[in-house]
Every structure is written in C-alpha cells, then in structure tokens.
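Written out below as structure tokens is the structure these notes cover.
The values are calculated or read from the model by the stated rules, or taken from the named source; none is laboratory data. All values derive from a computational prediction rather than experimental measurement. Cβ atoms come from the backbone with ideal geometry, glycine included; neighbour counts cover every protein chain shown.
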Amino acid sequence: MPYGRVEKVIECQLPDDPAFGIGKLRLLVHITPCKTDGKDATQELTFYQMETASIITDLASIWAVIGCVPTKGGPSMQRHWGIINRSGALAKTNFDDEEEESSDEEEDDDYE
C-alpha cells in the first residue's frame, strides 16, 4: 500500500487541446512518498524513516487521508514515523463538482 506526505495542491488550467479536453481544470498534488516496504497500516503496525523522490500526480489518485506520529525506539533507536490508517474498506475519496456547489450556494442565497 503506497503512503506519502502531501506537500502542496496545485490548480492547473490545461490548454484548449483535444488531448486534455477543452479548457479542462485539473487539481494536481505534490507528494513525497514514504518507504514502508509495501506494508498496509490497516493490517499491521507500519513505520517509515525514509522517503523517496517527490512526484506530482492527479489529486483524484489519493485514496484516503491518514495520520502519522513521530516515535523513537526499536533496535535502531532512531526517530521514525508510525502511520495511523483507520480508513479500512469503507474509505472512499469523493470530489464534488465546483459548478454544482456554486449553483447550490446561489439557491441558498435566495432564501436568506
């Protein structure tokens, strides 16, 4: 299971080009992946000490938001991070359409 730290979310307006869709807005994310040796923190204790090279990907590729806590101990006694992932099988990333939200807000303003 891949884990990483979100560094930044980037709004990107793509050009009018058939390869991208016409004037398509994309949300990209700058992530620094964590080296966890493929462990799944929903199934077992998972720690990391090292990170790999940062990447930029589509925000829709994020499955869930999890937590991590600093810790010391173990044989190396070096500082590392424990991953807290309570998402389980029920977690689902959901993105709302901004245009849909805007029209809902306008309707709400009519009732104030």
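Filtered by the rule that a residue be touching a strand residue (DSSP E or B) at 6+ places or on another chain (Cβ under 6 Å), among the aliphatic types (A, V, I, L, M) and over 12 Å from Gly4 (Cα atoms), the stretch 32-82 gives Ala41, Leu59, Val69. Restricting attention to the stretch 33-87, the residues that are outside any loop (DSSP other than H, G, I, E, B), at pLDDT 90 or above and among the hydroxyl-bearing types (Ser, Thr, Tyr) total 1.
Within the stretch 1-31, the set of residues being among the aliphatic types (A, V, I, L, M), surrounded by 12 or more Cβ atoms within 10 Å (Cβ to Cβ) and not in a strand (DSSP E or B) comprises Met1, Leu14.
Considering the stretch 2-58 alone, what residues qualify as being within 13 Å of the chain's Cα centre (by Cα) and within 20 Å of Thr71 (Cβ to Cβ)? Hits for the stretch 2-58 are Tyr3, Gly4, Arg5, Thr32, Pro33, Cys34.
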